[in-house]
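Scroll down for the structure; my scribbles are underneath it.
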Amino acid sequence: DNINVSSALLEAVEKWGKERGMTSIVGPLGFTDFDPEGMLVEGFDRLGTMAMIYNHEYYHRHMEKLGYVKETDWLEFLITIPEQLPDKHVRVADIVLKRNKLKIVKKTRRQINKERYGQKLFQLINETYCNLYGYSLLSEKQIDQYVDQYLGLIDLKMVSFIENEAGELVAAGVSMPSLSRAL
């Protein structure tokens, strides 16, 4: 927690950028939109999740003292799922499915591979996230990498796909237990 060290590091980054014709600085960012981005500014009393960035509490104070400003907020929420869903939620879900001619679909790994459902899922993510702050569309190569990287790790009982009446993927839910304590 030394403002002089932070200042020296950021001055070196600014100098390096200016020497290469850069006029602004943004960050911290990950290499892709699925890598941790930003800086934790509150919630230091909670266990961090494996998919979010974690830093010392003084980082953001140093940035502010050195004249950097926050551009956007990212929020993380803890949602607890009850053992049994309330009847009202079940009724509303049924109405939405029927009204929009949707169906919940489960797939085996073999079906996911054969039907390229992993790729369809990430294409859907591209379509859904494309207007979010700072999102960059994933390339086919990146999508294939993520499918290879994660398909073997997820429990398919915790994955649901939703298709329209034409059999097209229109939504998906992927859940996984927190691995933070294990890590």
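The values are calculated or read from the model by the stated rules, or taken from the named source; none is laboratory data. Just so we're clear, the structure is a prediction, and the values are computed from it rather than from any experiment. So basically every Cβ, Gly included, is an ideal-geometry build from the backbone, and we count neighbours across all protein chains shown. Areas reflect the complete protein model, heavy atoms only, side chains present, ligands, DNA and RNA absent. Shrake-Rupley method; radii C 1.70, N 1.55, O 1.52, S 1.80 Å.
For the chain, modelled as a GNM whose springs connect Cα atoms under 10 angstrom apart, the maximal fluctuation among Ser139, Ser160, Ser24 occurs at Ser24. In loop segments of the stretch 8-97 as defined by DSSP, the GluC sites (Glu not before Pro) with at most 10 further C-beta atoms inside 10 Å of their C-beta are Glu42, Glu71, Glu83.
Computing FRET efficiency as 1/(1 + (r/R0)^6) for Glu64 and Asn131, where r is the C-beta to C-beta distance and R0 is 22 Å, gives about 0.15. Residues in the stretch 124-176 average 66 Å² of solvent-accessible surface per residue, probe 1.4 Å, ligands and nucleic acids excluded.
Length gained on full extension, Glu11 to Phe44: 9.2 nm, using 0.36 nm per residue less the C-alpha separation. For Lys15, the lysines whose Cα comes closer than 27 Å to its Cα, not counting residues fewer than 8 places off in the same chain, are Lys65, Lys70. A straight Cα-to-Cα reach below 20 Å connects Lys157 with the lysines Lys103, Lys106, Lys107, Lys114, Lys120, residues fewer than 8 places away in its own chain not being considered. Specify the residue with the greatest mean-square fluctuation among Tyr133, Tyr146, Tyr117, computed from a Gaussian network of the chain linking alpha-carbon atoms under 10 Å apart. Residue with maximal mean-square fluctuation among Tyr133, Tyr146, Tyr117: Tyr133. Mind jotting down the distance between the C-alpha centroids of the stretch 5-48 and the stretch 121-183, whole Å? With the stretch 121-183 and the stretch 5-48 each reduced to a Cα centre, they are spaced 26 Å. Split the accessible area of the stretch 21-151 by element, probe 1.4 Å, and carbon with sulfur accounts for 56%.
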